[in-house]
Amino acid sequence: MSLNIQEIRALFPVLHQEVNGKPLIYFDNAATTQKPISVIDALSAYYKNDNSNIHRGAHALADRATRYYENTRTLLQQFLNAREEAEIIFTKGTTEGINLVASTFGRKFINKGDEIIISTLEHHSNIVPWQMLCEEKGAILKIIPINEAGELDMQAFRGLISPSTKLVSIVHVSNALGTINPVEEIIELSHQVGAKVLLDGAQSTSHLEVDVQALDCDFLVFSAHKLYGPTGLGVLYGKRDLLDSMPPYQGGGEMIKEVTFAKTTYNELPFKFEAGTPNIGDVIAFGKALEFINHIGKKYIKAHEDELLAYANDSLSQIKGFIPVGTAKDKISVISFNINGMHPFDVGMMLDANGIAVRTGHHCTQPLMQRFGIEGTVRASFSVYNTKSEIDSLVASVSKIAKLKN
Ligand SMILES: Cc1ncc(COP(=O)(O)O)c(C=O)c1O
């Protein structure tokens, strides 16, 4: 990594503005990360110079657009260490990736009485599709409990898993608490009973090295917008034999080999799961986000964010009335908290008045909030472009706010 933090910040135009008369401090990175100028420029360049539909065109623009689009797939195959590019499917995001697996793998392989295991830490997008599938199929949804720190109860998981378990769908890193789950162990135990494993990598892929072959996960889903890329775009990784065995998700153009009124045959992977004109411009721009991450290096990103996390934890925990929610030993750079006697939304509004952007509420994890008996939290999540001086400002503001009631 050859850039220092100020050089990294200079690559993100949005960071250089004032909000409510104060310099913007963006600590809502778990919701979505900001975009480097290379991503913004690539999107604009595509529409200025290359806009064309891909794969079918016989002209220069279509050829260019197709090459740029497929180049991002190649980058993703390398990013995840997938065996082949055909295992990389473009989706609208994490949510669509999970729904795709629920609708196709679920439709074909989940039957009455089968069991699916998720955890208390899940985002709604890794709960609701399975509830819908279980209702349709008469399957059973089982939930891994957590401890007070927000860590999975692995003893309980060992008790839940059985030959009836067909799928374990688990968040790699919790968006609400930052907990890093022991997915290697979960995958190993699941495979021992013949269950497949889907990892929700929405929060892990931007912070941790995620090697799908080393992990041996069956599916991995994530969203480009949490990885410095565009919104409305995501990735489903799946092992080839599984993807081959699953029916298509949507019918239409691109996903077919041959159509007659008597019968349709389906295209090969990955196109079987990419019906219709895809999000070409955003896929191309996402390639630049991956190049940005590769240039900085995940090791550097994680080390920098870990330093910010430790620094923030040290100071925030001294504040009277500060109540941390989620204190797992293994965490990414997310701090969820409440202030004694105050509603998280009010804390968020007061921080916003100081130019500090955080997220408040249930973070799309209502069952997790119910587990802790709270309505929600304030969540500050740090990224590669955040600084210790920004954390000093957060600590000073939280300190002042907490004094109102403590
Ligand atoms: C852990 C987790 N899963 C799933 C999602 C859903 O992602 P998207 O809305 O991009 O589909 C999110 C987004 O916040 C998340 O953090």
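Consider Q213 against the criteria (1) in contact (Cβ under 8 Å) with a residue 60 or more places away in the chain; (2) within 16 Å of the ligand (Cβ to nearest atom): it satisfies all of them except one. Which criterion is unmet?
(2)
Could you please give the count of residues in the stretch 128-163 that are without any contact (Cβ under 8 Å) to a residue 12 or more places away in the chain and within 16 Å of the ligand (Cβ to nearest atom)?
Adding up the residues that qualify gives 2.
For A58, work out the one condition from (1) at pLDDT below 95; (2) part of a helix (DSSP H, G or I) it doesn't fulfil.
It is condition (2) that A58 fails.
Would you pick out the residues in the stretch 106-127 that are away from the ligand (no atom under 12 Å from the Cβ), in a helix (DSSP H, G or I) and crowded, with 24+ Cβ neighbours inside 10 Å?
The answer is G106, and nothing else.
Does at least one position in the stretch 324-345 carry a residue that is touching a Gly at 6+ places or on another chain (Cβ under 8 Å) and either among the acidic types (D, E) or in a helix (DSSP H, G or I) (or both)?
Taking every residue of the stretch 324-345 in turn, at least one turns out to be touching a Gly at 6+ places or on another chain (Cβ under 8 Å) and either among the acidic types (D, E) or in a helix (DSSP H, G or I) (or both).
For the stretch 329-375, enumerate the residues that are surrounded by fewer than 21 Cβ atoms within 10 Å (Cβ to Cβ), of a type in the set (A, V, I, L, M) and closer than 15 Å to T179 by Cα.
Result: M369, single match.
Looking only at the stretch 269-284, how many residues end up being surrounded by 20 or more Cβ atoms within 10 Å (Cβ to Cβ) and either under 18 Å from the mean Cα position of the chain (by Cα) or aromatic (F, W, Y) (or both)?
Matching residues across the stretch 269-284 total 3.
V168: over 21 Å from A149 (Cβ atoms), assigned to a loop (DSSP other than H, G, I, E, B) and either of a type in the set (A, V, I, L, M, F, W, C) or within 13 Å of the ligand (Cβ to nearest atom) (or both), yes or no? Write out each step before concluding.
Details: over 21 Å from A149 (Cβ atoms): yes; assigned to a loop (DSSP other than H, G, I, E, B): no; either of a type in the set (A, V, I, L, M, F, W, C) or within 13 Å of the ligand (Cβ to nearest atom) (or both): yes.
Here the answer is no, as V168 does not meet what is asked.
Only one of (1) part of a helix (DSSP H, G or I); (2) over 18 Å from G150 (Cβ atoms) is not met by Q318, so which one is it?
(1)
Looking only at the stretch 32-55, how many residues end up being in a loop (DSSP other than H, G, I, E, B) and under 22 Å from F271 (Cβ atoms)?
Number of matching residues: 5.
Provide a single number: the residues in the stretch 297-312 that are surrounded by 15 or more Cβ atoms within 10 Å (Cβ to Cβ), over 18 Å from the mean Cα position of the chain (by Cα) and closer than 20 Å to L177 by Cβ.
5
Using the structure shown, decide if I88 is away from the ligand (no atom under 16 Å from the Cβ), in contact with a Leu (Cβ under 8 Å, 6 or more places away or on another chain), touching a residue at least 24 places away in the same chain (Cβ under 8 Å) and under 24 Å from N267 (Cα atoms).
Against the criterion (away from the ligand (no atom under 16 Å from the Cβ), in contact with a Leu (Cβ under 8 Å, 6 or more places away or on another chain), touching a residue at least 24 places away in the same chain (Cβ under 8 Å) and under 24 Å from N267 (Cα atoms)), I88 qualifies.
Restricting the search to the stretch 91-105, which residues are assigned to a helix (DSSP H, G or I), closer than 13 Å to Y249 by Cα and near the ligand (Cβ under 9 Å from one of its atoms)?
E96, G97, I98
The values are calculated or read from the model by the stated rules, or taken from the named source; none is laboratory data. Since the model is a prediction, treat every value here as computed from it, not as a measurement. Every residue, glycine as well, gets a Cβ built from its backbone with ideal geometry; the counts of neighbours run over all protein chains shown.
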